[in-house]
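Visitor: Mind having a look at this structure? Questions to follow.
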Amino acid sequence: CTKPSPGRKRIWTSIGFTLVNLGFLGIQGEFGTFLLILCTFLAFIFLFVPDIRVFLSVFSVIAAAGAAVTACCMALLRVTGGTSEFGPMRFVLAQIKKISNRFVYWLDPASDAQGAGYQILQARKALLNSNLFGSETTTPLSNPTNDMVFPALTERCGLLIALTVCVLFGLLLVRGTRIYFRCRDRYHQAVCAGLCFQLILQAFIIIGGSIGMFPLTGITLPLISRGGSSLMSTFIFLSVILVISSGKLWDGRRDYSSYETKLQKARAVHSNRISSLRDRSRRRTGVDNTGES
């Protein structure tokens, strides 16, 4: 990202590295983190590679790879029936079923109202029970402090607070965009774009998943969901964005000129104090000699 036009080798190396990471996340069933990293990578390619054809080709390669992997996974489920006696294969099949069930019960949660579709139906019920300033009724949600924090917030605090939260995230996007265009070097632009995009995309995914726009994911809503590690990482992101907004540049080398100036001033003050102490001692010695004489 620090170069005006990255070479093809660098771009395809980053694509391969990203696909490997996405593969490991897919095997583990981390759909939310998978989607977050994928969208962030595509945003970086779009922002920092000047040739739009590179972005289109990268998007096509990732889409083709995703379609091929999805077809292989569905064929594997049909052939094995979702079960296997081999341990690693059983683990992979379980993760495939976990991700596929997210899409199935997102499209039709009523097909398993007491199972996988329960929290989606309860989230819709909580949103329907809310009014402008909140409702006194409490809909039982499976995870009201993490995955379902937005429906719980909307039901208890009202649509006004929910819209305020969305507006605040929109203002964060606007402010991050302004900081991005004010940066004078590509390195700080890349850091600012990555951090702002991750926060906004994370909020968009979890809010959209809780209201039924996307399948549910296991990520948190920044600054609202419960979790010490999530809150700490969010504050670290915001602090880095604030430092970048100051406009100070750092070329990777420490500037010692200010330290040398301070050291020279300290030496001057120290020498003045020593000379003054010597003068005092000489005066006292002269007074003592005069008194003795």
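The numbers here are math on the coordinates, done by the rules we state, and not lab data. Treat the numbers as computed from the prediction; the structure is a model and nothing was measured. Cβ atoms come from the backbone with ideal geometry, glycine included; neighbour counts cover every protein chain shown.
Visitor: Taking 1 over the mean of 1/r across every pair of different Cα atoms in region 1-107, what Kirkwood radius in Å do you get?
Guide: For region 1-107, the Kirkwood estimate is 15.4 Å.
Visitor: Let me ask something else. Based only on Cα atoms, what mean projected area does the convex hull of region 114-254 have, in nm²?
Guide: Over every viewing direction, the Cα hull of region 114-254 projects on average to 9.7 nm².
Visitor: Which whole-number percent is the relative contact order of the chain (Cα, under 8 Å, 6+ apart)?
Guide: Across the chain, relative contact order equals 16 percent.
Visitor: So what's the back-of-envelope 222 nm ellipticity for the chain, counting only DSSP H runs of four-plus at -39500 (n - 2.57) apiece and dividing by all residues, rounded to 500?
Guide: Taken over the chain, the calculation gives -25500 deg cm²/dmol.
Visitor: Determine the relative contact order of region 1-107: mean sequence separation of Cα pairs under 8 Å and six or more apart, normalised by residue count, in whole percent.
Guide: Relative contact order, region 1-107: 29 percent.
Visitor: Moving on. Quick one: Cα centre-to-centre distance for region 122-147 and region 189-230, in angstrom?
Guide: Rounded to whole Å, the Cα centres lie 20 Å apart.
Visitor: Once a ≥ b ≥ c are taken as the square roots of the eigenvalues of the Cα gyration tensor of the chain, is the result rounded (a/c under 1.5), prolate (a/b larger than b/c) or oblate (a/b not larger than b/c)?
Guide: Verdict is prolate for the chain.
Visitor: Quick check: pseudo-label points 7 Å beyond the Cα along Cα→Cβ at Ala65 and Phe204, how many nm apart are they?
Guide: Each label point is offset 7 Å from its Cα along the Cβ direction, giving 2.2 nm.
Visitor: Tell me, which longest segment in the chain has none of the chymotrypsin sites (Phe, Trp or Tyr not before Pro) that fall in DSSP loops with at most 14 further Cβ atoms within 10 Å?
Guide: 134-249
Visitor: Test of understanding: ordering Cys183, Cys166, Cys192, Cys72 by Cβ neighbours within 10 Å, fewest first, what list do you get?
Guide: Cys72, Cys166, Cys183, Cys192
Visitor: Suppose we flag GluC sites (Glu not before Pro) only when DSSP calls them loop and at most 11 other Cβ atoms lie within 10 Å. Which is the longest uninterrupted stretch of the chain?
Guide: Between exposed loop sites, the widest span is 137-293.
Visitor: Something else: Identify the trypsin sites (Lys or Arg not before Pro) of region 100-188 meeting these criteria: DSSP loop state and at most 16 other C-beta atoms within 10 Å of the C-beta.
Guide: Hits after loop and neighbour filter: Arg184.
Visitor: Also, quick follow-up: Need the full-extension length gain, Thr33 to Ser275, defined as separation in residues times 0.36 nm minus the C-alpha distance. One decimal, nm.
Guide: Full extension of this stretch gives 80.5 nm more.
Visitor: With only Lys, Arg, Asp and Glu charged, each at its Cβ (+1 for the first two, -1 for the last two), find how big the charge dipole of region 1-107 is about the Cα centre; round to the nearest 20 debye.
Guide: Computed charge dipole of region 1-107: roughly 160 debye.
Visitor: Now a separate question. Explain nothing, just the number: dipole magnitude of the chain about its Cα centre with +1 on each Lys and Arg Cβ and -1 on each Asp and Glu Cβ, in debye rounded to the nearest 20.
Guide: Computed charge dipole of the chain: roughly 1440 debye.
Visitor: How far apart, in nanometres, would the label points at Arg184 and Ala266 be if each is projected 7 angstrom from Cα along the Cα-to-Cβ direction?
Guide: In this crude label model, Arg184 to Ala266 measures out at 2.9 nm.
Visitor: To the nearest 20 debye, what charge dipole does region 55-203 have about its Cα centre, counting +1 at the Cβ of each Lys and Arg and -1 at the Cβ of each Asp and Glu?
Guide: For this selection, approximately 480 debye.
Visitor: Also: Can you run phi through the Karplus equation (6.51, -1.76, 1.60; θ = phi - 60°) for region 138-151 and list ³J(HN,Hα) in whole Hz, with x for Gly and Pro?
Guide: My calculation for region 138-151 gives 10, 7, x, 10, 5, 8, x, 9, 10, 5, 10, 6, 6, x Hz in order.
Visitor: Taking the 0 to 90 degree range and rounding to the nearest ten, how far is the long axis of helix 87-107 tilted relative to the main principal axis of the chain, both from C-alpha atoms?
Guide: The angle comes out near 80 degrees.
Visitor: A further question follows. Considering Cα pairs under 8 angstrom that are at least six residues apart, work out the relative contact order of region 114-254 and quote it in whole percent.
Guide: Worked out over region 114-254, it gives 23 percent.
Visitor: Hey, can you grab everything whose amide H is under 5 Å from the amide H of Val49? Only 5+ residues off in sequence or another chain; H modelled, so Pro and N-termini drop out.
Guide: none
Visitor: Can I ask one more? Charges on Cβ only, +1 for Lys and Arg, -1 for Asp and Glu, centred on the Cα centroid of the chain; of Ile207, Ala190, Asn101, which one is farthest towards the dipole's positive end?
Guide: Ala190
Visitor: Just going by the charge dipole of region 1-107, with Lys and Arg at +1 and Asp and Glu at -1 on Cβ, which of Gly81, Val20, Ser60 is farthest out on the positive end?
Guide: Farthest along the dipole direction, towards plus: Ser60.
Visitor: Of Leu231, Leu216, Pro140, which is farthest along the charge dipole of region 114-254 in the positive direction, counting Lys and Arg as +1 and Asp and Glu as -1 at C-beta?
Guide: Ranked along the dipole, the leading option is Leu231.
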